[in-house]
Amino acid sequence: MYSQSKQLFSQDKVVLIAPNTSARALIHIVSTSSRRTASGSIIPFENFRNAFLHIEGIRRDVSSWYKKETGEEMNTYELGDLFNTVRARFRNHENFRRALSLLCINRNDADKIVIPWWNEIAASEVRCDISPDLESQSIALEPRHSYETQLVRSGVDIPGISSISVYGVILTSDNQLILTLRAGVSYPNTYHLPAGALGLTDDMINQRESIYDFFLREELQREVGIQLTDVNSAHFIARIFDPTIDKGSGYVFLVRTGLTATEVGECYASNKDLDKGEHSKLIPIHATNEAILSFIRAHYKGAVENRRDRSDDEQYLLHPGALCLVAFMRQNPDVLSSYYLDGSW
């Protein structure tokens with residue numbers, strides 16, 4: 001087992017929260033005036049907003065070109081043979097350079113921004129007070145941009161950046177867990193759970209929206225098609241730390257729905273939101289330790305590469321998804337070590 005295995009499976013990679021802790025018990029505070037560059041100067045929050053607007057301007061221009069070129073509306077989840085052309089148009093746009101400058105990103109790292117249309121002001125974790133023994137679970141946040149997230153994923157060191165993701169373990173009324181087979185550009189044709197970066201919306205900044213509320217709206221509703229009325233209960237079950245992809249923390253919610261696995265599949269099939277394109281299909285598995293460990297044994301190897309040419313016999317389970325399943329079983333992450341294989345798959 002390779003030297004990083006201790007980082008993957010140490011006990012601090014999964015912090016279990018006391019059973020039946022409400023999803024909204026996870027609270028947060030946000031500072032929009034303390035993000036600093038490597039040299040110590042502050043990046044004003046207005047820079048993040050303006051970078052976002054510049055990139056939206058690129059999207060409008062490229063979308064207009066795409067419509068003239070193809071006669072269709074641009075869907076960045078389904079670019080096909082035009083993927084590299086669209087990416088080059090984003091990167092060569094003058095607004096791209098303006099956004100990099102505002103975010104204090106070195107232009108030499110621009111080619112590491114592999115999804116230049118991923119434009120989101122997200123959260124970076126400054127501090128967390130998370131423990132099974134605490135009645136109040138809280139984290140402190142600062143802004144980061146999705147361009148920075150991509151750089152961190154590619155190995156660029158950005159001081160002060162600690163990515164945060166949100167994950168959902170969906171438990172159906174017929175005792176099934178809902179996994180997904182990813183599509184799009186990030187780790188396509190791999191198994192995962194409904195998940196995404198924690199965004200910093202105005203409602204999040206002003207604490208009008210909880211972290212769970214953000215997850216419900218952005219991941220369950222927009223990507224899966226599950227609505228608030230479909231949720232029977234939601235609990236905050238774990239904080240995980242993933243050193244393989246985002247190199248940051250994740251907050252895991254157990255969402256119990258009154259829907260069967262078939263009905264969840266019908267919600268997904270009828271979902272009209274473009275973010276549905278994050279996944280190609282839903283995968284139900286029995287919510288028993290035996291069935292979960294059987295799935296892990298068949299599909300988990302450890303670190304997984306982000307490849308667009310991944311074949312169907314290489315549909316591996318992403319490491320953070322495996323940690324979420326470990327959290328659901330309330331086990332130690334070391335349970336994964338016996339299935340780990342050296343290398344990047």
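Tabulated results
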{"read-out": "Of all accessible heavy-atom area on the chain, the percent that carbon and sulfur account for (1.4 Å)", "value": "46 percent"}
{"read-out": "Between helix 83-92 and the chain: long-axis angle, C-alpha atoms, 0 to 90°, nearest 10", "value": "50 degrees"}
{"read-out": "In the range 75-135, the GluC sites (Glu not before Pro) that fall in loop regions by DSSP, at most 15 other Cβ within 10 Å", "value": "E78, E135"}
{"read-out": "Distant-in-sequence amide H partners of R144 (H built 1.01 Å from N, under 5 Å)", "value": "A122, A123, S124"}
{"read-out": "The chain: angle of helix 319-329 to the longest principal axis, Cα-based, in degrees nearest 10", "value": "30 degrees"}
{"read-out": "Cα-based helix-to-principal-axis angle, 261-270 vs the chain, degrees rounded to 10", "value": "20 degrees"}
{"read-out": "Contour minus Cα-Cα distance for N20 and V126 (0.36 nm per residue)", "value": "35.5 nm"}
{"read-out": "Largest-first ellipsoid semi-axes for the range 204-254, taking √(5λ) over the Cα gyration tensor eigenvalues, angstrom", "value": "21, 14, 12"}
{"read-out": "The chain: radius of gyration over Cα atoms, expressed as a fraction of 2.2 N^0.38 Å", "value": "0.97"}
{"read-out": "Other-chain or far-sequence residues with amide H under 5 Å of I43's (modelled H)", "value": "R35, R36, T37"}
{"read-out": "Average accessible area per residue (Å²) across the range 74-160 - probe 1.4 Å, nucleic acids and ligands excluded", "value": "45 Å²"}
{"read-out": "Distance between the range 84-99 and the range 131-192 - C-alpha centres, whole angstrom", "value": "26 Å"}
{"read-out": "Average accessible surface area per residue within the range 222-345, 1.4 Å rolling probe, Å²", "value": "42 Å²"}
{"read-out": "Residues with amide H under 5 Å from that of S22, placed H, sequence gap 5 or more", "value": "F236"}
{"read-out": "Charged-residue dipole, Cβ positions (Lys, Arg, Asp, Glu), the range 166-235 about Cα centre, Debye nearest 20", "value": "180 debye"}
{"read-out": "Size of charge dipole - the chain - debye, nearest 20, with Cβ of Lys, Arg +1 and Asp, Glu -1, no other charges", "value": "700 debye"}
{"read-out": "Test item: Cα-centred dipole of the range 57-159, Lys/Arg +1 and Asp/Glu -1 on Cβ, debye", "value": "640 debye"}
{"read-out": "Potential lengthening between Q11 and R330 on full extension [0.36 nm per residue; Cα-Cα distance subtracted]", "value": "113.7 nm"}
{"read-out": "Taking the range 1-148 and dividing mean pair separation by its residue count, relative contact order in percent (alpha carbons under 8 Å, at least six apart)", "value": "33 percent"}
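The values are calculated or read from the model by the stated rules, or taken from the named source; none is laboratory data. Being a predicted model, the structure only gives us computed values, none of them experimental. Neighbour counts are summed over all protein chains in view; Cβ atoms, including those assigned to glycine, are modelled from backbone coordinates with ideal geometry. Ligands, DNA and RNA are excluded from the accessible area calculation, which covers all protein heavy atoms including side chains. Shrake-Rupley method; radii C 1.70, N 1.55, O 1.52, S 1.80 Å.
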